[in-house]
Amino acid sequence: MAHPRSVIRAAAVQIAPDLERPAATVDRVCSAIDEAADRGAHLVVFPETFVPYYPYFSFVQPPCRQGPDHLRLYEHAVAVPGPVTEAVAERCRAREVVVLLGVNERDHGSLYNTQLLFDADGRLVLKRRKITPTYHERMVWGQGDASGLKVADTRVGRIGALACWEHYNPLARYALMAQHEEIHCAQFPGSLVGQVFADQMGVTIRHHALESGCFVINATAWLTDAQIRSITPDETLHGALRGGCHTAIVSPEGRYLAEPLTEGEGMVVADLDLALVTKRKRMMDSVGHYARPELLALAINDRPATPVVPMQATAAPADTASPPATKAHHEHDTTPRHAGADDRVAVARIAAA
């Protein structure tokens with residue numbers, strides 16, 4: 001895809017949600033898009049599940065007390081498509097910016113940690129769900145699947161996205177690297193765990209930039225002292241809701257392009273020279289000349305997960321069932337076959353189906 005610009009201005013937004021009026025968080029998103037666009041940004045990245053807010057309550061409350069807060073999150077969660085996606089899409093069209101937004105998505109009886117990528121014309125070009133919620137988050141969200149591990153072509157370049165500790169899953173990152181992402185959007189909750197979380201975040205995003213040979217835009221949220229007190233009145237737990245903010249932009253060479261933002265609300269804005277992607281990959285292309293696919297390769301089940309799988313009208317004879325299924329899977333596959341490994345992968349996929 002030919003992109004009209006070789007230099008992209010990106011904005012990573014560190015912002016507080018509206019915990020008292022969750023619906024108003026969307027207004028904060030639209031205002032931040034306007035501010036970023038006024039500063040010349042072509043790409044704007046928001047924190048993890050920013051709309052309506054990250055479930056901070058789940059980190060400081062025992063499960064037996066989470067019911068009311070969990071139900072409130074259901075009440076204000078985002079339908080995709082729905083009013084929230086329409087409002088953000090309209091603002092993207094009006095300001096001609098690409099936006100990566102984290103939301104709590106409601107799909108019937110389940111919530112998901114979902115990343116939404118809007119192109120500059122307002123189209124929703126990627127919807128993906130966090131594949132494994134972390135620790136306390138498993139009480140809140142369901143699991144995503146690999147159908148969302150995709151890189152999307154946008155007006156500013158090829159964009160991939162992961163949320164929080166998905167960056168500690170090297171195979172998930174490699175799935176995006178293999179699709180040649182030029183810009184990686186990372187999201188973390190912010191205001192959580194403490195300084196160690198921010199320190200680890202910095203290592204994580206810089207390492208991915210180096211390994212993938214791409215730019216990384218990372219956004220974290222911010223909580224005020226008043227908001228922390230509203231989440232839990234127990235002062236001994238307030239430290240668990242501070243620190244952990246590291247909004248930053250990193251080049252393919254692992255360098256910060258602006259000073260990371262670790263406290264308060266604001267934006268980190270920087271220009272991304274896409275020529276640096278080639279400069280880095282000339283030296284080390286981890287999915288190209290530096291790869292050894294005949295030794296190490298990644299198999300992905302990228303079919304959407306579903307609780308219902310229709311049965312075939314007629315079943316093939318037992319002695320012929322496996323070979324046609326294997327052949328059908330490979331009939332459009334132009335990659336070289338390695339008998340042992342490929343057959344095992346084929347069997348795994350057939351069994352999953």
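The values are calculated or read from the model by the stated rules, or taken from the named source; none is laboratory data. What you see is a predicted model, and the numbers here were worked out from it, not measured in a lab. Please note that ligands, DNA and RNA were not included when accessible areas were found on the heavy atoms of the full protein model with its side chains. Shrake-Rupley method; radii C 1.70, N 1.55, O 1.52, S 1.80 Å.
A few points about this structure:
- Among ALA291, ALA219, ALA248: highest mean-square fluctuation, GNM of the chain, C-alpha pairs under 10 Å: ALA291
- Relative contact order of the chain, taken over Cα pairs closer than 8 Å and 6 or more residues apart, is 18 percent.
- Using every pair of separate Cα atoms, the Kirkwood estimate puts the hydrodynamic radius of the range 188-228 at 11.5 angstrom.
- Highest-MSF residue in the chain out of VAL60, VAL51, VAL156 [GNM, Cα springs under 10 Å]: VAL60
- Whole-Å distance, taken between Cα centres, linking the range 72-99 and the range 199-222: 25
- Antiparallel DSSP beta bridges within the chain, percent to nearest 5: 60
- A P(r) calculated from all alpha carbon pairs of the range 71-163, with 5 Å bins opening at zero, reads 3, 14, 24, 23, 18, 12, 6, 1 percent.
- The figure for ASP302 is an accessible area of roughly 70 square angstrom, using a 1.4 Å probe on the protein chains alone.
- Å² per residue, accessible surface of the range 1-109 at 1.4 Å: 43
- Using the Cα coordinates of the chain, the gyration tensor eigenvalues translate into equivalent-ellipsoid semi-axes of 35, 26, 19 Å, sorted from longest to shortest.
- Amide H within-cut-off set for LEU111, under 5 Å, with H built and near neighbours excluded: GLY142
- Kirkwood Rh and Cα Rg combined as Rg over Rh, evaluated for the range 1-99: 1.06
- Helical content of the chain, expressed as a calculated mean residue ellipticity at 222 nm, amounts to -9000 deg cm²/dmol (DSSP H runs of 4 or more residues, -39,500 (n - 2.57) each, divided by residue number, nearest 500).
- Per residue accessible area in Å² of the range 219-316, where ligands, DNA and RNA are left out and the probe is 1.4 Å: 62
- Max mean-square fluctuation residue, GNM over the chain, Cα-Cα springs under 10 Å, options LEU241, LEU171, LEU261: LEU171
- Note on the range 1-40 and the range 234-271: Cα centroid distance 16 Å, given to the nearest whole angstrom.
- Within the accessible area of the chain (1.4 Å probe), percent carbon and sulfur: 55
- Cα extents for the range 239-294 along the principal axes, largest to smallest and rounded to whole angstrom: 48, 28, 11.
- Residue-span extension gain [ASP225 to ASP38] - 0.36 nm each, minus C-alpha spacing: 64.4 nm
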